[in-house]
Amino acid sequence: MRALPFACLRPVPDRAAAFASLPYDVFDRGEAAAYVAAHPTSFLAIDRPETAFGPDHDMYADDVYAAARRILEERAADGTLMRDPNKCYYLYRLEQGGRSQTGIVAACSLDDYMDGTIRRHELTRRDKEDDRVRHIEATGCQTGPIFLAYRDDPTLAFLVGAAKEAEPLYDFEDAEGVRQTVWRVGRPEAVEAIELMLARMPRAYIADGHHRAASAARVCRELREDAGDALTGDEPFNYLLCVLFPASELTVLPYNRVVSDLNGMTPDELAQAVAAANFEVSEPLGEAVAPAQKGVFGMYCAGSWRRLVWKGDAEADADPVASLDASRLQDHVLGPVLGIGDPRLDERISFVGGNAGTEELERRAGADGVAFSLCATSVDDLMSVADAGLLMPPKSTWFEPKLRSGLFIRKISDPR
């Protein structure tokens, strides 16, 4: 892989905590507006520039993207942002609940993304890509890092550990209780060593950020066409802002499902239909079911929980996608029993990821719906699907903690 040091536009240390924000896509429009109103100097004002306008303003209008460029320029002018004078790597550690993960912030080759060296496992939607393409074109920057995973390498782990002995550049706890620590790696010998080790990495996997990666690739293709015969391949737009984490350090949380109705069935009829779909179904239980192993599910309906156990299908379980619990549930229950044909489009289904507990599933299911709790998909499963060149069902993985946006910004071109 080509994963290079880069010249970073970043917040000055004493403003980093106030400037950094959660990624743009964890907020709906109302939540983004409320957050920016409470934190007007945060990066989210740039990442979600429609927050500078009223709620009825077209969030995809030209003046919205122009506002992103204007606010970014204002943050540079008022001293919030500075440009590092030299190309370097950064180490980015997130600590939460006794767990820690440290990634290498680098500019990864978009050719590696396009040829599958950086592997993906999720479909993207053109309308979501369009938004980020226009944001990149308006600002001339990549503003949200792609979250990559790689199989652990002991030599790289040693280099990262040694670099973390230095004084951190940033060290703060965010509003969600996640400690964010960043080190700058600028010493030439350390930069060269990390670059050589990353060059030996056979592949990496997108854990989060498929739409941002696809959008950056589209912008790259456009700018390559504009450059024509003058293209060298070393232009900044040929690379992608990424953070690479060793797989063993990552935390994947469950991504549960709620369906708003029982598709015309009674609770007992639903239980019978699920049992006929190759699941062992328990009697109603007096406690919630939060599965801790693959093949086990919880089903909440009509005020009580049942435990579901997949009884197995040798042919399906040999397939890396069909063997995912999200696939088993969709292929055998949500689709044929509850009538959820396309979970990306059907308004009857919603998804509850992260640390939301079983009480939230009960609340969302209410008196008329049904909720399913799943075991978290493993990073190994994600890698197996990606290595097979296949796609996971939507909403299969939820990684926490979320990377903060705004700590690392890559300028790739002049704004359009």
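Each reported figure results from applying straightforward, stated rules to the coordinates on display, with no laboratory input. Predicted, not measured: the structure shown is a model, and the values here were computed from it. Here the Cβ is made from the backbone with ideal geometry for all residues, glycine too, and neighbour counts use every protein chain on show.
Other residues whose C-beta falls under 10 angstrom from the C-beta of residue 239 contribute a net charge of -2, scoring Lys and Arg +1 and Asp and Glu -1. Once the Cα atoms are used to define both axes, helix 210-227 deviates from the longest principal axis of the chain by about 40 degrees. In square nanometres and to one decimal, what's the mean projected area of the convex hull around the Cα atoms of the stretch 146-196? In nm², the orientation-averaged hull projection of the stretch 146-196 is 4.7. Expressed as a whole percent, the proportion of Cα-Cα pairs in the chain lying more than 26 Å apart is 58%. Each principal axis of the stretch 285-347 carries a Cα extent, and these read 35, 29, 16 Å when sorted largest first. Between the helical axis of 188-199 and the longest alpha-carbon principal axis of the chain there is an angle of about 40 degrees.
Listed by chain and number, the lysines placed with their C-alpha closer than 22 angstrom to that of residue 395 are 128, 294; residues fewer than eight positions away on the same chain are left out.
Listed by chain and number, the aspartates and glutamates placed with their C-alpha closer than 13 angstrom to that of residue 411 are 73, 84, 137, 235; residues fewer than eight positions away on the same chain are left out. Value of Rg to Rh for the stretch 41-159, rounded to two decimals, is 1.01; Kirkwood radius and Rg both from alpha-carbon coordinates.
Here the Debye sum runs over all C-alpha atoms of the stretch 335-416 as equal scatterers in vacuum, and log10 of I(q)/I(0) at q = 0.24 Å⁻¹ comes out as -1.27. Across q = 0.13, 0.15, 0.18 Å⁻¹, the stretch 372-416 modelled as identical point scatterers on its alpha-carbon atoms has Debye log10 I(q)/I(0) values of -0.54, -0.65, -0.76, in the order of the q list. Projected onto their three principal axes, the Cα atoms of the stretch 163-276 cover extents of 67, 45, 30 Å, largest first.
Qualifying trypsin sites (Lys or Arg not before Pro) in the stretch 236-337, where qualification requires a DSSP coil assignment and no more than 11 other C-beta atoms within 10 Å, comprise 311.
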